[in-house]
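These notes concern the structure reproduced below.
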Amino acid sequence: MDTQFVGEHLGPGQLGHFFVITSFVAALFSAFAYYRAASTEKLNAGGSAAWLQLGRNGFVVHAITVMGIFITLYYIITNHLFEYHYAWRHSDLSLSPKYLLSCFWEGQEGSFLLWSIWHCVLGLIVMFTSKGLESRVMTIISIVQVALATMLLGYYFGADINMGSSPFILLRDKMLAAPIFQQPNYMEFVNDGNGLNILLQNYWMVIHPPVLFLGFSATLIPFAYTLAALWKGEYKEWIKPTWIWSLFAGAVLGTGIMMGGAWAYESLTFGGYWAWDPVENASLVPWLTLIAGLHTLIIYKVTGRSFIATVVLFVVTYGLIWYSTFLTRTGVLGDTSVHSFTGEGQSLYWHLLIVIGVLLAIAIALMVRRWKDMPRVKTEEEVNSREFWMFIGSIILFLSAIQIIISTSIPVWAPLAKLITGKEIAPPVDPIQHYNGIQVWVAIVVSLLSASVLYLKFKKSDNKTFWKRMAITGLLGLGLALIIGFTQNITTPQYVVLLFTASFSVIANSYYAISVQKVKLKKLGAATSHLGFGLILLGILLSSYNKEVISLNTSGVVIPFTDDKMENVRQSMENVILYKNIPIPMGEYTVTYKGDSIPEHDPRTFYEVQYDIVDTATGNVTESFTLHPNAFVNPKGQQGGMSANPDSKHYVSRDIFTYVTSVIDPAKKTDTGAYKKHVVKIGDTFFVNRGYVVFDAFDTRLDDPRYEAKDGDIAVAARLTLRDLDGNENKLAPIYYIREGMENTVEDTVADRKLYVRLSKIVPDENAAELMVKQAGDDADYIVMKALLFPYINVLWLGIIVMVIGFFIAMVNRITKKEKVAKALNINDIT
């Protein structure tokens, strides 16, 4: 007899399962119908039209059911139906409505669904705009939707093999081994969910994933148009839509990537916006190849060259989108990334590899089939032509992408390399140095090309005019670089070169927009994008090269962040202890910790940190502001755990970036009259009110009037030094001794500080002491904080905005521009 479970809401899950299956069947039907329409276009126009309408109907049904999945899952999450594993695992009762939306894409199933939703939206737009290419383009889009639909099916073949994972699986079905879920009333014990990852409880994570996934999804459209062109060997009609969609994808994906940088800047303690994390790299690499493909497509449009390169780059771009999904969702990156998914086992691993294999097989088969009749130009391009240097730039971007993805993929290919060579290959110990050492030269070359290529003409340029303009803009760029270099003290050779090329790019593209294009908005797409790129490089250089830690620890105290003493010494140099209401000098500021607060219905603790600039002559405060870095302290009962969120003061010329690295557990602030236990090793430090104590040594040679030795005693003292904020020192020596098998202690005190210390136990295996410490009066209230200064970081954010605007200007120009009747290509030069 089946168990009747009490308190479950099965209706939403059953409806969700129906939508999942229907979406898969509808996508499969649409792909087949569109394929039949494409196959019969020239053989049977009437039949092709009928299949075309069936394909449209199938895709519309698919889109409706995908939205049905989303609405049903969101209903389950927002209504806290914790009998569903997805809602229990990714949400809880404490989350505000905006973060309930983030729960949707925290998990594998939700992120695949978000991806599918964007494909549906873009697919519907393509359906009504692709005209004669509709059947072929929509066949490819529908095939991809079939692949994404399988990710949500949740069909199991035996115990270990499954096709996808359903977001509507019940908690009791997911955790069959737990006895509680065999009880009919198990829902009485499921009072709350596991909760959203605290790193995702940030407003950027409400908007960043949808934008990033829209960028991922948009790369499908150039890929689909490219395969559509190869399918029938028609190489002209696909250019305009592919150009437009490439611009759209470049703008949105670029925006999504840098939104991730903004999230890292405001939510992670990277101390910056980019750390060459594998997940960051996995999203950057397809953008690089997409931009390379966009430029070779322009070359092909104007000159007929680089068709094969364009095809390869668009195919590789979409292949990399799926490969980045493989890297970030299967767990192969292990501990090399701070924000990759942990993986769903071998089934997802092989599932994604099969999808990648199928998509690449289709693309390669079409390329092989059309290889002989692909457009080629017989003659060599001129060295002083725009297309030559655009192609060189595309090659550089492609090589940059290869270097990044190979290094990022070390956890994937290292085991195979070990089998072949017998050598262990590990990811770089210092990723920033590893990638910067190569990519700075890529940035130098690309910025130089972005500065100069627009001054060249297609096919052949006037050298005299070109070099005249280069001389003018180059000298202006050199002047700007010299001013910045001297004022910011940039002296490292490769960064001096980058400073010049980035300055040159900014000046040259501004000059081009004003002098050559006469500020005609519709024509400013390329110049604006290149200008934005130059500003981005300039912003990265300025904010990173002179990034300054202003929270320098001059007290000599070693803060116990970890069990590694050397790591503690390193970190302690850049972190300061702020006691409540005790001002500390920090750079040009005087910084004071004013206290903390926990808002109602918000699990975070906010720390009030006041910054003042004091005129040394008058003692007056000339500037004052307050930052509120916050942290999740002991989230979900994780004792000793903390996840910090920074806060920043934004100036035009700099940011003051502040975050808390250690705090007192709020639970330990309650009883000031109780003894608190500290287990310390020699050299360790612990904090007390208005000071800290250092454990100097054990001492068995006791000469202390408080202790009268007797035969048979085993006695030891802990030599301690108390240092206060005024620089005063006090010595303490609590004693522990064993007499006639009984443990005894002699307490030591610092009377004026009302501090009492007992040596309660020796831990011989760890060479450690267990100290019991009490301090009467106000409890010690402090935070440990790190503060950094990022100069001119707003140049970076401005550059991103300008570059994206440039993409959209170019896209609008392409959409509204009427193609000339005259042939764009000189077909006499093309085989």
What number of residues within the stretch 723-736 satisfy the criterion of being crowded, with 18+ Cβ neighbours inside 10 Å, modelled with pLDDT of 90 or more and in a strand (DSSP E or B)? 3
Take the conditions exposed (fewer than 12 other Cβ atoms within 10 Å of the Cβ) and assigned by TED's automatic domain parsing to the domain that holds residue 238 and apply them to residue 379. Does it pass? yes
Checked 500, 533 against criteria (within 20 Å of residue 261 (Cα to Cα), outside the structural domain of residue 276 (by TED's automatic domain parsing) and open to solvent by 20 Å² or more (accessible area, probe 1.4 Å)); the one match is 533
Starting from residues that are more than 22 Å from residue 246 (Cβ to Cβ) and of a type in the set (A, V, I, L, M, F, W, C), keep the ones in the stretch 274-290 and report whichever is surrounded by the fewest Cβ atoms within 10 Å (Cβ to Cβ). 275
So, in the stretch 561-602, exactly how many residues are touching a residue at least 40 places away in the same chain (Cβ under 8 Å), over 30 Å from residue 622 (Cβ atoms) and crowded, with 19+ Cβ neighbours inside 10 Å? 1
Going through the stretch 102-148 one residue at a time, which ones are more than 14 Å from residue 223 (Cβ to Cβ) and polar (S, T, N, Q)? 102, 108, 111, 116, 129, 135
Residue ID - surrounded by the most Cβ atoms within 10 Å (Cβ to Cβ), chosen from residues in the stretch 467-497 that are touching a Leu at 6+ places or on another chain (Cβ under 8 Å) and of a type in the set (Gly, Ala, Ser): 481
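Rundown of residues vs (1) within 30 Å of residue 280 (Cβ to Cβ); (2) touching a residue at least 40 places away in the same chain (Cβ under 8 Å), yes/no style:
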| position | (1), (2) |
| --- | --- |
| 423 | yes, no |
| 430 | yes, no |
| 435 | yes, yes |
| 438 | yes, no |
| 444 | yes, yes |
| 447 | yes, yes |
| 451 | yes, yes |
| 466 | no, yes |
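From the residues in the stretch 386-440 that are of a type in the set (Gly, Ala, Ser) and over 30 Å from residue 458 (Cα atoms), which one is most open to solvent (accessible area, probe 1.4 Å)? First the steps, then the outcome.
Restricting attention to the stretch 386-440, the residues satisfying the condition of being of a type in the set (Gly, Ala, Ser) are 393-394, 400-401, 407, 409, 414, 417, 422, 426, 437.
When the remaining residues are screened for being over 30 Å from residue 458 (Cα atoms), the result is 407, 409, 414, 417, 422, 426, 437.
Values: 407: 16, 409: 6, 414: 13, 417: 18, 422: 58, 426: 73, 437: 44 Å².
The qualifying residue most open to solvent (accessible area, probe 1.4 Å) is 426.
Among the residues of the stretch 318-361, how many are modelled with pLDDT of 75 or more and either open to solvent by 50 Å² or more (accessible area, probe 1.4 Å) or not charged (D, E, K, R) (or both)? I'd like the intermediate steps shown before the answer.
Kept after step one, since they are modelled with pLDDT of 75 or more, are these residues of the stretch 318-361: 318-333, 348-361.
Then keep just the ones that are either open to solvent by 50 Å² or more (accessible area, probe 1.4 Å) or not charged (D, E, K, R) (or both); that gives 318-328, 330-333, 348-361.
Counting residues in the stretch 318-361 that are modelled with pLDDT of 75 or more and either open to solvent by 50 Å² or more (accessible area, probe 1.4 Å) or not charged (D, E, K, R) (or both) gives 29.
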Every pair of residues 6+ apart whose Cβ atoms lie under 6 Å, when the first sits in the stretch 613-628 and is closer than 16 Å to residue 586 by Cα while the second is β-branched (Val, Ile, Thr) and loosely packed, with under 10 Cβ neighbours inside 10 Å: 613/622; 615/622
Let me spell it out: the conditions are (1) within 15 Å of the chain's Cα centre (by Cα); (2) surrounded by fewer than 24 Cβ atoms within 10 Å (Cβ to Cβ); (3) not hydroxyl-bearing (Ser, Thr, Tyr), and residue 236 meets all of them except one. Which number is the exception? (1)
Within the stretch 637-676, strands (runs of 3 or more DSSP E) holding 1 or more residues that are acidic (Asp, Glu) and at pLDDT 70 or above: 647-650, 654-663
Report, by residue number, each residue of the stretch 291-317 that is assigned to a helix (DSSP H, G or I), of a type in the set (Gly, Ala, Ser) and either under 20 Å from the mean Cα position of the chain (by Cα) or surrounded by 24 or more Cβ atoms within 10 Å (Cβ to Cβ) (or both). 292, 293
Would you mind listing the strands (runs of 3 or more DSSP E) fully within the stretch 570-611 where at least 2 residues are farther than 19 Å from residue 552 by Cα? 589-597
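The values are calculated or read from the model by the stated rules, or taken from the named source; none is laboratory data. The structure presented is a predicted model; accordingly, all values stated were derived computationally and were not measured. All Cβ positions, glycine included, derive from the backbone under ideal geometry; neighbour counts span all protein chains shown. Remember, those area values only see protein heavy atoms, side chains included, never the ligands or the DNA or RNA. Shrake-Rupley method; radii C 1.70, N 1.55, O 1.52, S 1.80 Å.
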